[in-house]
Amino acid sequence: MWLDVNGVRRQTGSTADMLFDPVHVVRYLSQFMVLEPGDLINTGTPAGVGLGFDPPVYLRPGDRMELGIDGLGRQTQAVVAAP
């Protein structure tokens, strides 16, 4: 998994970096809820978020993000100002 902001790599990670592997996360959550096909489980984000920079670096209107998972695909997002 990776994330570029304006062509600069900000985050790189894999499930190997997780505190709990995906099987454990699904097994644990399944004790409390029924998971359906298409459900998403948000587990956090790899190192490299803007708040961790000194000074912090936040996304601004006009920034472009490209994110992807090797072997699965990629997508591009544009940051726009709130109406």
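Things to note:
- Members of the range 1-49 found to be surrounded by 11 or more Cβ atoms within 10 Å (Cβ to Cβ) and either touching a residue at least 60 places away in the same chain (Cβ under 8 Å) or of a type in the set (Val, Ile, Thr) (or both), listed by number: 1, 2, 3, 4, 5, 12, 15, 25, 26, 43, 45, 49
- Taken over the range 51-61, the criterion of being free of Cβ contacts under 8 Å to residues at least 40 places away in the same chain and surrounded by 12 or more Cβ atoms within 10 Å (Cβ to Cβ) is satisfied by 57 alone.
- Residue in the range 12-32 that is among the β-branched types (Val, Ile, Thr), modelled with pLDDT of 95 or more and in contact with a strand residue (DSSP E or B) (Cβ under 7 Å, 6 or more places away or on another chain) present: no
The values are calculated or read from the model by the stated rules, or taken from the named source; none is laboratory data. Everything numeric in this text was worked out from a predicted model, so none of it was measured. Note that each Cβ is placed from the backbone with ideal geometry, even for glycine, and that neighbours are counted across all protein chains shown.
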